[in-house]
Amino acid sequence: MPMGRCIRLSAVVFACLLGGAAAAQDAVETFYKGKQISMVVGSSAGGGYDTYARLLARQMGAAIPGNPTLVVQNMSGAGSNRATGYIYSVAPKDGTAIGAIFPGAVLQPLLSDQPVPHDPSKLVYLGSANSDVYVCYVRSDAPVKAFKDVLTHELIIGASNPGATTYDLPLLLNSVLGARFKIVTGYPGSREITLALERGEVQGACGIGWTGIEVMHPEWFSKDTIRVLVQLSNKGHDDLNRRGVPRAADLARTDEDRKTIELVFSQGAFGRPYVMPPGVPADRVAALRKAFIEALNDKTLRAEAAKMQLDVDPMTGGELQTLVASLYATPPHLVERARQALSAKASSAKP
């Protein structure tokens with residue numbers, strides 16, 4: 001083919017691609033103009049997940065074509081499985097509903113026999129606002145001073161319900177490491193667990209993000225109110241690593257135990273996932289994923305997050321979608337080992 005003809009053909013193809021992209025952008029902008037997007041948070045108001053969601057909602061609308069308004073709603077219950085089920089089967093599938101859920105709601109159907117009203121492998125993932133390092137901590141006046149003490153002394157801790165990290169992670173430590181956590185369930189979220197801790201109803205908590213603790217309760221550290229026992233994270237937090245706070249996987253007695261713990265802790269890589277229902281049109285998914293990352297990298301949001309001492313380390317929707325798919329492809333024997341650990345009988349009670 002003559003060079004001139006090739007150049008003209010390439011120009012036509014390029015123009016068609018640009019035209020197609022512009023048309024898609026126009027369609028998304030037309031749809032979202034004047035619309036409202038509901039951001040449904042799977043925990044009560046005032047906790048870490050709620051704080052992140054409201055920060056994101058203030059900036060994300062400006063990054064979406066058509067500049068819709070984002071409104072945060074709280075739907076606590078069942079370790080955020082209630083909110084996830086709503087997003088999965090009830091919420092509009094047109095791109096006007098986003099769920100801010102616990103990572104446990106993503107892994108629970110894989111690792112638990114307890115039925116949930118959603119299929120995580122079919123959710124559409126916008127991304128995660130950060131990775132998270134979960135910890136176990138106790139009141140400074142608790143009889144347990146270090147994690148090794150929990151192996152011989154019962155410790156009363158507050159938790160939500162199965163599926164929440166505050167329940168599943170201490171149960172895992174009971175099952176695999178022989179810890180003696182007495183899990184008091186039924187608290188809607190970290191805020192209520194914190195109040196229970198301050199009132200002396202419980203002696204500690206597990207499975208709460210380290211960032212959230214730092215942000216919501218800086219006075220705890222200036223007044224030596226709490227003590228961090230162990231990190232529930234595969235990599236740990238730099239600050240806690242420097243302090244010598246142990247990582248639970250390093251305390252495993254066998255290689256199989258370590259791999260089981262690491263599988264469950266993998267949810268920390270997507271500490272604050274945001275999801276949409278299956279069936280949302282692809283052009284709107286692409287626009288919202290792009291807006292999600294742009295908002296979290298926005299200078300105004302980053303400055304506000306810094307003032308609030310919030311870690312922002314976003315994972316893209318494509319990366320999270322791939323990670324969830326890989327987790328659901330975990331070798332069956334490891335999944336079964338984790339299932340057994342998370343379904344073991346726990347010493348628990350209602351508040």
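Think of the chain as having a plus end and a minus end, set by charges on the Cβ of Lys, Arg, Asp and Glu; of GLY104, TYR125, THR152, TYR125 sits farthest toward the positive end of this dipole. Taking the Cα centre of region 134-267 as origin and assigning +1 to Lys and Arg Cβ atoms and -1 to Asp and Glu Cβ atoms, the resulting dipole is close to 200 debye.
Ordered by the count of other Cβ atoms within 10 Å of each Cβ, fewest first, ARG258, ARG289, ARG302 give ARG302, ARG258, ARG289. This ranking places CYS206, CYS136 by how few other beta-carbon atoms lie within 10 Å of each, fewest first, which gives CYS136, CYS206. Couplings for region 264-279, taken from phi via the Karplus curve 6.51 cos²θ - 1.76 cosθ + 1.60 with θ = phi - 60°, read 5, 6, 4, 5, x, 5, 10, x, 9, x, 10, 10, 10, x, x, x Hz in order; Gly and Pro are left as x.
Charge dipole of the chain (Cα centre as origin; +1 on each Lys and Arg Cβ, -1 on each Asp and Glu Cβ, all else neutral): 260 debye, rounded to the nearest 20. Put in order of Cβ neighbour count within 10 Å, fewest first, the listed residues ARG337, ARG253 become ARG253, ARG337. A Cβ-based charge dipole, computed about the Cα centre of region 250-329 with Lys and Arg at +1 and Asp and Glu at -1, lands at about 300 debye. Segment LYS182..GLN36, full-extension length gain: 48.2 nm, with 0.36 nm per residue of separation and the alpha-carbon distance subtracted. Counting Lys and Arg as +1 and Asp and Glu as -1 over every other residue whose Cβ lies under 13 Å from the Cβ of SER89, the net charge comes to +2. Measuring between their Cα centroids, region 198-229 and region 93-131 lie 27 Å from each other. Here the chain was treated as a single set of alpha-carbon atoms; its pair distances binned every 20 Å from 0 give 30, 53, 14, 3, 0 percent. Other residues within the sphere of radius under 15 Å centred on the Cβ of GLY66, judged by their own Cβ, net out at -1 (K and R +1, D and E -1). When you restrict to C-alpha pairs under 8 Å that are six or more residues apart and normalise by the size of the chain, the relative contact order lands at 26 percent.
At full extension, SER222 and LYS148 could sit 24.2 nm farther apart than now, given 0.36 nm per residue minus the alpha carbon distance.
Charged neighbours of VAL280, selected by a Cβ distance under 9 Å, balance to +1 (K, R count +1; D, E count -1). Karplus-based coupling profile of region 155-170, in residue order and whole Hz: 10, 8, 10, x, 8, 7, 10, x, x, 8, 4, 5, 9, 5, 6, x, with θ = phi - 60° in 6.51 cos²θ - 1.76 cosθ + 1.60 and x standing for Gly or Pro.
Values in this text are rule-based calculations from the coordinates and carry no lab data. Everything quoted here is computed from the prediction, not taken from an experiment. Cβ: placed from backbone, ideal geometry, glycine included. Neighbour counts: every protein chain shown.
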